[in-house]
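Report on the following structure.
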Amino acid sequence: MGLFDKFRQGLAKTKELLQTDVRDLFKAGEILSDDHLEQFHARLISTDMGVVAANTITEQLREKHLGRTVVIDELWQTVKDTLKELLKGDEDTQWDPADPLSPLNLSSDGTTVILVAGVNGVGKTTSIAKLANFLQKQGKSVLLAAGDTFRAAAVEQLTMWSGRLGCRIITKPSGTDPAAVAHAGCSAAVEEGIDCVIIDTAGRLQTQQNLMNELSKIERVIQKVIPDGPHEVLLVLDATTGQNGISQAQKFSDAVKCTGIVLAKLDGTAKGGVVVAIRREMGLPVKYVGVGEQIDDLQIFDADGFVDALVEI
Ligand SMILES: Nc1nc2c(ncn2[C@@H]2O[C@H](COP(=O)(O)OP(=O)(O)O)[C@@H](O)[C@H]2O)c(=O)[nH]1
Ligand SMILES: [Mg+2]
């Protein structure tokens, strides 16, 4: 399956929400009215793209098409152009859609450390396995550090993935300080000359202070072993929670300096518009999206590809 097909698959539900019966709303040959625009605005809102984005798109439609005869393809073109504009990133998000590692800041000499954070159940462990798969396919050796020591099942789950991937894993008994696992993982990776260590975390939303303490302790012990690490701190968000996930994510991004978002479970939701809200409200690039539970259901985020798949005309 090509990159575009994966986006198309992942966005099927959101696209359906946006486009179902749209020809009843925008009847060819009618004159576009404020009433039409209000109804379309509600649809935009229901994809969880956020009020600012929905207003911007509606405003563009008003400016270009209000009082004119409806030509549906032209309306969609305006929606597309505006969405692309809204998602336009900085220079640092212009990565190569053909290279799955291009969003990552990899260490130029020695082991790269990727720390993965986020609320329990959002898709961290699965995304780690998918990312490890990308890295291995590009010829990088990977070690996984099972830093979610809070639940025994979490360690088992990561161990299962390491078995399937055939990569090293460092585990410690339940209840061990996650920082100790991070330390052991980084030390083993350096000793063994492994290219990349990916550290799983528990993502308990305890108090903000505990969260900060836990994550900053992990960062400190990483730096004891690998002074310029972590090279990436990826925050995983669950797309099915839509905009509600953003406020939770904000707590993590206050606790640790995140470098990018992995938006998991895009395939399970009609709230795919949340990508736009994240880009605008978190000030962090969406680097990858998860489009299923299998190992190769991870996709580098390409704004243009995303919009083209969402609004196919
Ligand atoms: N449909 C779908 N399910 C996913 C995706 N990513 C993770 N999941 C599922 O979500 C559940 C929680 O994932 P997990 O990685 O254990 O979350 P964690 O608690 O944050 O580590 C599991 O059942 C995963 O299979 C995705 O991109 N799409
Ligand atoms: Mg987990």
Folded to 0 to 90 degrees: helix 178-191 orientation relative to the chain principal axis, Cα: 70
Rounded to the nearest 20 debye, dipole of region 42-93 from Cβ charges on Lys, Arg, Asp, Glu: 340
Whichever lysines have a C-alpha closer than 28 Å to that of LYS224, once near sequence neighbours (fewer than 8 apart) are set aside: LYS124, LYS130, LYS140, LYS172, LYS251, LYS257, LYS287
Geometric extent, Cα atoms of region 48-88 - Rg, Dmax (angstrom): 10.3, 30
Rounded tilt (10° steps) of 244-255 against the dominant C-alpha axis of the chain: 40
Residues whose placed amide H lies under 5 Å from that of LEU298, excluding near-sequence neighbours: VAL291
Debye log10 I(q)/I(0) at q = 0.15 Å⁻¹ for region 91-310, Cα point scatterers: -0.92
Pairwise FRET efficiency - ASP109 versus GLU312, Cβ, R0 = 30 Å, nearest 0.05: 0.10
Label-zone membership for region 155-181, site LYS224, 7 angstrom Cα→C-beta point, backbone N under 19 Å: 170-173, 175-181
Mean-position separation - Cα centroids, region 171-192 and region 227-278, in angstrom: 25
Cα shape, region 98-139, gyration tensor, a/c 1.5 rule: prolate
Segments 170-180, 195-205 sorted - mean Cβ within 10 Å per residue, highest first: 195-205, 170-180
Neighbourhood net charge (14 Å Cβ-Cβ; Lys/Arg +1, Asp/Glu -1) for THR240: -1
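Ranked highest first by average number of other Cβ atoms within 10 Å, how do 237-248, 53-64 line up? If you can, show how the numbers build up before the last one.
Details: 237-248: 20.4, 53-64: 17.7.
Ranked from most to least packed, the peptides come out as 237-248, 53-64.
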Spin-label model distance (nm) - GLN77 vs GLU63, 7 Å beyond Cα toward Cβ: 1.7
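A short reminder: the numbers here are calculations on the coordinates, not readings from a lab. The shown structure was predicted, so the numbers you read here are calculated from the model rather than taken from an experiment. Neighbour counts run over all protein chains shown; Cβ positions are idealised from the backbone, glycine included.
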